[in-house]
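The values are calculated or read from the model by the stated rules, or taken from the named source; none is laboratory data. Just so it is clear, the structure is predicted and the values come from calculations on it, not from any experiment. Neighbour counts are summed over all protein chains in view; Cβ atoms, including those assigned to glycine, are modelled from backbone coordinates with ideal geometry. Ligands, DNA and RNA are stripped out before the accessible areas are found, and what is left, the full protein with its side chains, is counted by its heavy atoms. Shrake-Rupley method; radii C 1.70, N 1.55, O 1.52, S 1.80 Å.
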Amino acid sequence: MKLNKQDILKALETISAPGEGQNMVESGAVTNVVTFADEVIVDITISNPSLQAKKKTEVEIMKTIHDIVYEKAKITVNVKVNAPAKAAPNVIKGKAIPGIKNIIAVASGKGGVGKSTVTANLAVTLAKMGFKVGVLDADIYGPSMPIMFDVELERPLAVKVDGKSKMRPVENYGVKMLSIGFFTKPDQAVVWRGPMAAKALNQMIFDAAWGELDFMLLDLPPGTGDIHLSIMQSLPITGAVVVSTPQNVALADAKKGVAMFQQDSINVPVLGIIENMAYFTPDELPDHKYYIFGKEGAQNLAEDLEVRFLGELPLVQSIREAGDVGRPAALQTATSLEKAFEKLTQNVVEEVVRRNDDLPPTEAIKITTMAGCSAVKK
């Protein structure tokens, strides 16, 4: 079938331009339409810089043309974001840490979903891929990174950097890390109010000699509370990854975690959702999958929230054992777990690259009232 440009434009007039009160054609969002036989190319410019808006626009155009004009049309949609001019790639605005290119927050709305385990394995997989990686254990009240990296007895040493004394992060498996666990006894509870915890985090962030890092992973505590706001107030985070299990109780909290980052006053790009403990496969029945906590719950949530589903991880005894002995499971070679973590990490890196190409650097936020916060323009 030979497509006609006027038919395409007429179909696009049925799609509303977000925030314009007009359709895509009337608003001038559609800048060009080219047809050739059964192929069509649509160039469109949008003002919303989020990855979700870009994908939604692309899908909406393709679906409309297929439904109204020709269901077998071969469609290419070129979405251009008319966002404010951005700084140089990977330049962190706000209180930047010299040498650190990307800061990734790993969060969960609920405790016990394996967020710290996922963070540790993401870190060592990134290191195996050749990236320079650091981990900040921001879970002040339940630090677990020293155990997972087998460095419980290590302590950060003081080094001189440009005449100033700074902490040198502890390093293992090619990953640099700092944790409040290095400064407390194993049986000592951290009973701190929010301001003291925030001060400790700031010291580990800005008074440390992190050196050159491609990625810094922040292992956030569960929930959406004071520590999260303190981190986002101190650092403009490149993007956030949310970890959840498939069960409804965890998904309800994961949804709140995504919503926190997507608030207009915070506006941290959500790179995607990871489904942990997706299924159980016993060693004696390698072809069987038992969906103990439900099936594809996090995957469905990602679709509903229009964020990327980054991948799933099985409920495997060796992952837990590896974390307990301080050697993350992703360090294994030629195993299904290694492949799973590699695929997951590749998806995260892919989203970071896409986010840096499409969006301006994230602003640090400033708490303005007891009820909310706003972006700091620096």
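How do the pairs read when you match residues in the stretch 254-280 that are open to solvent by less than 10 Å² (accessible area, probe 1.4 Å) with residues anywhere that are at pLDDT 80 or above and among the hydroxyl-bearing types (Ser, Thr, Tyr), using Cβ under 6 Å and keeping only pairs 6 or more apart or on different chains? Correct list of pairs: Ala254/Ser244.
Restricting the first member to the stretch 161-178 and to residues that are of a type in the set (A, V, I, L, M, F, W, C), and the second to residues that are part of a loop (DSSP other than H, G, I, E, B) and open to solvent by 40 Å² or more (accessible area, probe 1.4 Å), the beta-carbon pairs closer than 7 Å and six or more apart or on different chains are Met167/Asp207; Val170/Glu154. Taken over the stretch 117-140, the criterion of being assigned to a strand (DSSP E or B) and β-branched (Val, Ile, Thr) is satisfied by Val133, Val135. For the stretch 1-43, taking the residues that are touching a residue at least 60 places away in the same chain (Cβ under 8 Å) and open to solvent by less than 20 Å² (accessible area, probe 1.4 Å), the one that is nearest to the chain's Cα centre (by Cα) is identified as Ile8.
With the structure loaded, tell me whether Val77 is part of a strand (DSSP E or B), under 30 Å from Met277 (Cα atoms) and at pLDDT 85 or above or whether it fails that test. In short, no.
Each row is one residue, and each column tells you yes or no for (1) open to solvent by 20 Å² or more (accessible area, probe 1.4 Å); (2) more than 21 Å from Val241 (Cβ to Cβ); (3) among the hydroxyl-bearing types (Ser, Thr, Tyr).
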residue: Ile100; (1), (2), (3): no, no, no
residue: Ile104; (1), (2), (3): no, no, no
residue: Gly130; (1), (2), (3): yes, no, no
residue: Val133; (1), (2), (3): no, no, no
residue: Ala138; (1), (2), (3): no, no, no
residue: Phe149; (1), (2), (3): no, no, no
residue: Val161; (1), (2), (3): yes, yes, no
residue: Lys166; (1), (2), (3): yes, yes, no
residue: Lys176; (1), (2), (3): yes, no, no
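The residues of the stretch 324-337 that are part of a helix (DSSP H, G or I) and either open to solvent by 30 Å² or more (accessible area, probe 1.4 Å) or more than 20 Å from Pro282 (Cβ to Cβ) (or both), listed by number, are Asp324, Ala330, Leu331, Ser336. When the stretch 292-314 is filtered for residues that are at positive phi and at pLDDT below 85, the ones remaining, listed by number, are Gly294, Glu296, Glu306. In the set (1) at pLDDT below 85; (2) within 27 Å of Phe131 (Cα to Cα); (3) out of contact with any helix residue (DSSP H, G or I) (no Cβ under 8 Å at 6 or more places or on another chain); (4) of a type in the set (Val, Ile, Thr), Thr368 fails one condition alone, (2).
The number of residues in the stretch 265-291 being modelled with pLDDT of 85 or more and polar (S, T, N, Q) comes to 1.
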